[in-house]
Amino acid sequence: MMLKTKGPLRKYGPWLLLAVLAAALVPLLLLGGYAHPAADDYSYGLFTHMALQQGTSLLGAVWRTVKGYYTGWQGTYSAIAMMTLTPGIWGEQFYWLTPVVMIGAVAVGTFKLTDTLLRRMGGCSWRAVLAAGCAMTLLAVELVPYPLHSFYWWNGAVYYTFTYGLMLLWADRLLVLRLEKSVRQAVWPLVSALLLSVFLGGSNYVSGLFAAVLGAVFCLFCLIRQRNKLPAALVIEIVLGGCFFFSMIAPGNAVRQSGLEGYSAINSVAWAVLKAGRDCFRFLSPVLAAALLLAVPFLYHLAGKTKFKFRFPLLFLVFAFLVFATQNAPHYYAAGTAGPERLRNIVFYAYLWLLPICEFYVLGWVRRRFAPHEWLKARAAVGCLTALLVISCVGMGVQGRLSSTEAVRELTSGEAAAYDAEMNARYLLYHDHARPDVTVEPVKARPKLLYWNDITPSMYDWTNQAVSNYYGKTSIVLAEAKD
């Protein structure tokens, strides 16, 4: 099912969006060939790198790292396990896999959830799924506030962006479980949901808490509307909650928390709500606004195909906003801040889903209350809104506010290649066994999507020590800046 319009839009529109998505991903993935490990990649990848070098057990090295950090620094066991598998442990030349894995996780999760929502629940055609999946993936990739931390730095991206992709699959499992009519059909959705719950429970605390809230909402829905699915929903929530609790009580959390000062629970909630309100305006770019307007005719038509009543739009909007705000609370409670760039990225991703869901609910209420029949002239509306979207994309692209256009700039300007050459020159020194002490020059080329931080002139800096341990050096330091 798609909006009934004549002409090539319905037939060729999804393929055009797929072509645009493919074209947008080309520079982003090409840029990955110039990405390099940094900071925590070296500390979390130390034992796995040593295992590969010495021919010992890789899984044993993963377990050793997870156990050490669980007792000494943080309890997010599944996230730590993924951090140990940074592509750099197999060789710096494999780090290009980082954006492939991260963008792949976002795309797979997006398309799978879109398919369940539109095709299985909404009765739409595969063309509608293709169009919506491409659109949502494009918006996520192009408008993410900090692309470096989502796509080009393994440690930060696997902690948040990769987990976001898996959380989309987890949400999809809940919806599929709801749709299955027999016990036999429900087995795989339940088992896969439980496996993903174990992972999410040990991931970052933002995703863990957000998933727990969504799981509670699903349990409430089952209690009210589908009680035969309530036992399965409760099992999923209990497993997720138990794993989340196991992560929270890790001895290492107390060690890490000793150096931080967070807010009280009440203040954390207040700041979380306030930050969510600011984010609602900050994240709303011209391209996203134009895309939401373009979706109006399709969502309005879709609302007419469902039997849902859409009775409480204001209550639903408030509820959705509060669910969105829960993501901010953990970091305010732990550290008294809204969190680093990589955390803000997944908050944006959640915003990207909640907006069209809220739009659909409001349009459904409008259709039920005021205009039960089709009143939008689709061809004219879609034509005007498409032009508005194109103009917005061009404007933001010229300003370098789209990920792909920034990637193209860094590739064509030679900035990415210069950064790559400087880092490769360092590796020659790092791998020189005849030099136990290494001094390197500061990196001059610093592409916005590739460069995050560097070592320092102090051999006692934790980053320097991580790099030194990783390459088996006595010391690795940065040369003092010349006047």
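The values are calculated or read from the model by the stated rules, or taken from the named source; none is laboratory data. Just so you know, these numbers come straight off a predicted model, no measurement behind them. Cβ atoms come from the backbone with ideal geometry, glycine included; neighbour counts cover every protein chain shown. Note: areas computed on protein heavy atoms with side chains; ligands, DNA, RNA excluded. Shrake-Rupley method; radii C 1.70, N 1.55, O 1.52, S 1.80 Å.
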So, in region 281-293, how many residues would count as being among the hydrophobic types (A, V, I, L, M, F, W, C) and open to solvent by 40 Å² or more (accessible area, probe 1.4 Å)? 3
Can you list residue pairs whose Cβ atoms sit under 7 Å apart, with the first residue in region 125-142 being open to solvent by less than 20 Å² (accessible area, probe 1.4 Å) and the second being of a type in the set (Phe, Trp, Tyr)? Count only pairs 6 or more apart in sequence or on different chains. 133/111; 140/349
Lone unmet requirement of (1) of a type outside the set (Lys, Arg); (2) open to solvent by 10 Å² or more (accessible area, probe 1.4 Å); (3) under 18 Å from the mean Cα position of the chain (by Cα) for residue 203: (2)
List the residue pairs whose Cβ atoms are under 9 Å apart, where the first residue sits in region 161-187 and is farther than 12 Å from residue 110 by Cβ and aromatic (Phe, Trp, Tyr), the second is modelled with pLDDT of 90 or more and not in a helix (DSSP H, G or I), and the two are 6 or more positions apart or on different chains. 162/203
For residues in region 62-95 being aromatic (Phe, Trp, Tyr) and in contact (Cβ under 8 Å) with a residue 24 or more places away in the chain, which is nearest to residue 167 (Cα to Cα)? 77
Which numbered condition in (1) hydrophobic (A, V, I, L, M, F, W, C); (2) in contact with a Gly (Cβ under 7 Å, 6 or more places away or on another chain); (3) farther than 27 Å from residue 160 by Cβ; (4) surrounded by fewer than 21 Cβ atoms within 10 Å (Cβ to Cβ) is the only one that residue 230 fails? (2)
Taking region 455-483 as the region of interest, how many residues are in contact (Cβ under 8 Å) with a residue 60 or more places away in the chain and either polar (S, T, N, Q) or surrounded by 17 or more Cβ atoms within 10 Å (Cβ to Cβ) (or both)? 5
Residues of region 374-403 that turn out to be modelled with pLDDT of 75 or more and hydroxyl-bearing (Ser, Thr, Tyr), as a count: 1
Among the residues of region 215-244, the number that are under 30 Å from residue 73 (Cβ atoms) and either over 26 Å from the mean Cα position of the chain (by Cα) or touching a residue at least 24 places away in the same chain (Cβ under 8 Å) (or both) is 9
Pick from region 180-194 the residues that are among the aliphatic types (A, V, I, L, M) and surrounded by 13 or more Cβ atoms within 10 Å (Cβ to Cβ): which of them is farthest from residue 120 (Cα to Cα)? 194
Looking at region 63-84, can you tell me whether even one residue there is open to solvent by 30 Å² or more (accessible area, probe 1.4 Å), of a type in the set (A, V, I, L, M, F, W, C) and under 30 Å from residue 405 (Cα atoms)? yes
Residue list for region 435-452, filter: modelled with pLDDT of 90 or more and either over 27 Å from residue 409 (Cα atoms) or of a type in the set (A, V, I, L, M, F, W, C) (or both): 435, 436, 437, 438, 439, 440, 443, 445, 449, 450
Here are some residues: 59, 113. Which one is aliphatic (A, V, I, L, M) and either surrounded by 22 or more Cβ atoms within 10 Å (Cβ to Cβ) or in contact (Cβ under 8 Å) with a residue 40 or more places away in the chain (or both)? 113
Picking from 371, 416, which residue would you name as being more than 24 Å from residue 168 (Cβ to Cβ), at pLDDT 70 or above and not in a helix (DSSP H, G or I)? 371
Region 309-359, subset of a type in the set (Phe, Trp, Tyr) and open to solvent by less than 50 Å² (accessible area, probe 1.4 Å), residue nearest to the chain's Cα centre (by Cα): 349
Tell me yes or no: at least one residue of region 259-276 is part of a loop (DSSP other than H, G, I, E, B), open to solvent by less than 60 Å² (accessible area, probe 1.4 Å) and of a type in the set (A, V, I, L, M, F, W, C). no
In this structure, is residue 209 farther than 30 Å from residue 37 by Cα, in a helix (DSSP H, G or I) and touching a residue at least 40 places away in the same chain (Cβ under 8 Å)? no
